[in-house]
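Step one of this worksheet: look at the structure below.
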Amino acid sequence: MDKKKKKKFKETKVGVFLKEKAPAILDTVGEFLPDQGGLGIVKNLISGDKNIKPEDKEMALKLLDQDI
């Protein structure tokens, strides 16, 4: 049995990045435990957010892929 504790989304690479660049997204999803479906929702939120600069959006999506 794997005893490794799963990180909450706000503790992932992309979560830490979003804390600075897109706190509204982090506030929406910050406490859930990341899984494939949840991270897909976050990817859609990042992609559709018009308040995030394109270069920040690109970085967030790269970090999200690393967390997946």
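Please treat every number below as a calculation from the coordinates, not as lab data. Note that this is a predicted model, so its numbers are computed, not measured. Note that each Cβ is placed from the backbone with ideal geometry, even for glycine, and that neighbours are counted across all protein chains shown.
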Quiz item: Along region 14-29, what does the Karplus equation 6.51 cos²θ - 1.76 cosθ + 1.60 (θ = phi - 60°) give for ³J(HN,Hα), rounded to whole Hz, x for Gly and Pro?
Solution: 5, x, 5, 4, 5, 4, 8, 8, 8, x, 5, 5, 4, 4, 6, 10
Quiz item: Between K53 and A24, what is the label-to-label distance in nm when each label sits 7 Å out along the Cα-to-Cβ direction?
Solution: 1.8
Self-check item: Under 5 Å, built H, 5+ apart or other chain: amide partners of D49
Solution: none
Quiz item: Between E11 and I41, 0.36 nm times their residue separation minus their Cα-Cα distance comes to what?
Solution: 9.1 nm
